[in-house]
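Worksheet: one structure, shown below.
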Amino acid sequence: MRAVTLFLCGDVMTGRGIDQVLARPSDPALHEGYVRSALGYVALAESLHGTIPRGVAPDYLWGDALAELARVMPDARVVNLETAVTTSDDWQPKGINYRMHPANVPCLTAAGIDCCALANNHVLDWGPAGLVETLDALRAAGLRTAGAGRNRQEAETPAAIPLASGGRVLVAAYGMPSSGVPEDWAATDSAPGVAALEDLSDRSVARVARAVGAAKRPGDVAVASIHWGGNWGYGISRAERRFARALVDEAGVDVVHGHSSHHAKAIEVHAGKLILYGCGDFVNDYEGISGYESFRGDLGLMYFPSIDTATGRFVRLELVPTQMRNFRVQRASAPDGQWLADLLSQEGRAFGTRARVREDGRLELMWG
């Protein structure tokens, strides 16, 4: 058996407050109802955990995650980048707008990210021109993108990450209305936008199947990166479960990489394939924001699944508990790691999965 190991995580939101502490911050002006400057989010975080340095090095925000990446050496690193990378001033009146200055893209390459999924509800916060600049800035830095493009074909074509074995990791990314992706953000034959699925129907499954089927070859591992569902709540509907399983059974998907919720959700192993219903947030500027504390949105997970490239079957999943502090990813404490393990076990009960805490403090998925 030849296994490939991936690094997956929840939302990486490098705009707004995070952008302000990087080397080249954007204009901090915001168009939100209560906070009018991105520097306000920096101040909120500092009120909780102390001073955050300004003009930080590109690798600052990854903190302890860098040592974990160096330890595991995953074959492919995929994140949902939930921000526009642009200097555009064409802000969309949608309440919250995220952007990072293009000069700060090294904060992504510093972690060796291979692919940014872009089919989410913030990549067009600064209009179509902002999306096109995002695509150009990421690709100029050697980063692959999935789920957004200058037209529908580009948006729906999976990104391909080559493997030493000769196979590839394919990443097909899609956004859904349930996560707040506006209907008019969908890419068309002649206009830029995201790869958007209207619903959880068989028709949507067929769209993913066509995209994956057109690209997948023997030895490839296909990841469907899906931005779906609300920000808070652990519930997984029957329709969501049916859709995720259909991606495996009918669309040739080997790993379902779900995100949008600000906290981790249940994990399922179906027909030997891994389904992550919600990976939670990984990098954000939410420190100091009150509300929903019981969900522990400050905690995150690094997901390291290993997949058999010959069969696409799931082999194992290691999870590293993390906490966002001072706008930097840190290893979570032992009690917080246990809290996450208990959460995954509780929510995974209906799916036949649970998480075990190892002696080194990292977690391991148990199933079957």
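A few points about this structure:
- Scanning the range 135-165 for residues that are of a type in the set (Lys, Arg) and either in a helix (DSSP H, G or I) or in contact with a helix residue (DSSP H, G or I) (Cβ under 6 Å, 6 or more places away or on another chain) (or both) yields a total of 2.
- Filtered residues of the range 134-159 (kept if surrounded by 19 or more Cβ atoms within 10 Å (Cβ to Cβ), hydrophobic (A, V, I, L, M, F, W, C) and without any contact (Cβ under 8 Å) to a residue 60 or more places away in the chain): Leu135, Ala137, Leu138, Leu143, Ala148, Ala155, Ala159
- Whether a residue is in contact with a Phe, Trp or Tyr (Cβ under 8 Å, 6 or more places away or on another chain), of a type outside the set (A, V, I, L, M) and over 20 Å from Val255 (Cβ atoms) was assessed, and Ser190 does not pass this test.
- Count of residues meeting criterion [in a loop (DSSP other than H, G, I, E, B), loosely packed, with under 14 Cβ neighbours inside 10 Å and in contact (Cβ under 8 Å) with a residue 12 or more places away in the chain] in the range 327-368: 2
- Hey, Ala164 surrounded by fewer than 17 Cβ atoms within 10 Å (Cβ to Cβ), of a type in the set (A, V, I, L, M, F, W, C) and over 29 Å from Gly112 (Cβ atoms) or not: no
- Close pairs from the range 227-244: first in contact (Cβ under 8 Å) with a residue 12 or more places away in the chain, partner hydroxyl-bearing (Ser, Thr, Tyr) and in a strand (DSSP E or B), Cβ under 8 Å, at least 6 apart: His227/Tyr174
- Screening Ile236 against (1) surrounded by fewer than 17 Cβ atoms within 10 Å (Cβ to Cβ); (2) part of a loop (DSSP other than H, G, I, E, B) leaves a single unmet condition, (1).
- Where Asp285 falls short, out of the listed (1) surrounded by fewer than 24 Cβ atoms within 10 Å (Cβ to Cβ); (2) farther than 26 Å from Ser237 by Cα; (3) out of contact with any strand residue (DSSP E or B) (no Cβ under 7 Å at 6 or more places or on another chain); (4) modelled with pLDDT of 95 or more: (1)
- Exactly one residue out of Ser261, Ser290 is of a type in the set (Ser, Thr, Tyr), surrounded by fewer than 24 Cβ atoms within 10 Å (Cβ to Cβ) and not in a strand (DSSP E or B): that is Ser290.
The values are calculated or read from the model by the stated rules, or taken from the named source; none is laboratory data. Bear in mind the structure is a predicted one, so any value in this text is a computation, not a measurement. Don't worry about glycine lacking a Cβ; one is built from the backbone with ideal geometry, like all the others, and counts go over all protein chains shown.
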